[in-house]
Amino acid sequence: MKSLWKISVATTPEAEDAIAEFLEAIFGGGVSAYFDVETQISIISVYFSDGKFLSHEVHEDICEGLQRIKSCGLQIGLGRFSISKIRREDWAESWKRHFKPIEIGRSLLVKPSWSKKRPRKGQAVVMLDPGLSFGTGQHPTTLFCLREITRCRKIGMHQSFLDIGAGSGILAIAAVKLGYAPVCAIDFDNEAVRVARTNARANGVLRKIKIARGDVAKLPKEPKQRFDLVCANLISNLLIVERRKIAAQLKPGGVLTLAGILKFEFAEVQRAFEALGLKLIVAKGEGEWRSGSFCLS
């Protein structure tokens, strides 16, 4: 049986896509990416069994490729790569070690299905496996939204929730588990809508969430229903262009959480929403990202 090898590159979220495409071009196989919330480092890995990839020339190709990416203006961080030999019997399970349970205070536990971690007393549980999940809670922007959903929840009060850009459905599922109702989620991607419904069904809350394909550009300026908490985890340009329609979904006194924003873009996003009368109440930066919540008075 041939040996299985792994090459991993430690980098920043900013350079993830460029390095993943570069490694795929060299090795011709699928590339995996893992973001460590604690260290703020992204690990891009590729697996292969052909010994030719251990040659000195390949080492030089990787070094030169990383330098080219850096010269294009991307911050690659450590930019170090490692080569390791792994046992084939470990292959099917080894990647699972990267996806650890996430606790959001004492209110919420997000964990993959294989985790044996037990929730605290009264702690809501969201079960979500990586894969085509469009967000598992590991990324700083998703993590910020989850924290805001728990922070804004007022036990015993009726609160509604809208997720614009649902992805895996993790935010809407968490909202239901924490007692928000009604809960709605939209995404422009049909596959994301399908995955979100699958995840909601697996968590036993599909009937409690209205999940639909929706375009943020087509949100009503004068909606019939407004929400106590709105999360929009979208790219900055889209947040700014559609700011009026996004803000229109919020009830007076409600909270609007914006994520998916690179640090250097946050000030522009903040100005755009404050011009609509919203006030920044909390913001947090993690790695290359910065997210914030605004209040509509």
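Here Asp215 meets each of (1) under 20 Å from Glu14 (Cβ atoms); (2) modelled with pLDDT under 95 with one exception, condition (1).
In the stretch 270-297, the qualifying residues are those that are under 19 Å from the mean Cα position of the chain (by Cα) and not in a strand (DSSP E or B), and the one that is surrounded by the most Cβ atoms within 10 Å (Cβ to Cβ) is Gly287. Looking at the stretch 178-200, can you tell me whether even one residue there is within 16 Å of the chain's Cα centre (by Cα), within 22 Å of Arg153 (Cβ to Cβ) and among the hydroxyl-bearing types (Ser, Thr, Tyr)? No, the stretch 178-200 contains no residue that is within 16 Å of the chain's Cα centre (by Cα), within 22 Å of Arg153 (Cβ to Cβ) and among the hydroxyl-bearing types (Ser, Thr, Tyr). Taken together, Asn237, Asn233 contain a single residue that is without any contact (Cβ under 8 Å) to a residue 12 or more places away in the chain, closer than 19 Å to Ser291 by Cα and assigned by TED's automatic domain parsing to the domain that holds Thr142, which is Asn237. In the stretch 119-157, the residue that is modelled with the lowest pLDDT out of those that are touching a helix residue (DSSP H, G or I) at 6+ places or on another chain (Cβ under 9 Å) and among the charged types (D, E, K, R) is Asp129.
Might you let me know whether the stretch 165-172 holds any residue that is under 15 Å from Gly254 (Cα atoms), surrounded by 15 or more Cβ atoms within 10 Å (Cβ to Cβ) and either β-branched (Val, Ile, Thr) or in the same structural domain as Phe273 (by TED's automatic domain parsing) (or both)? Looking for residues that are under 15 Å from Gly254 (Cα atoms), surrounded by 15 or more Cβ atoms within 10 Å (Cβ to Cβ) and either β-branched (Val, Ile, Thr) or in the same structural domain as Phe273 (by TED's automatic domain parsing) (or both), one finds none in the stretch 165-172, hence no.
The values are calculated or read from the model by the stated rules, or taken from the named source; none is laboratory data. Only a predicted model underlies this, so the values are computations on that prediction, with no experimental measurement involved. Glycine also receives a Cβ, built like all others from the backbone with ideal geometry; neighbour counts cover every protein chain displayed.
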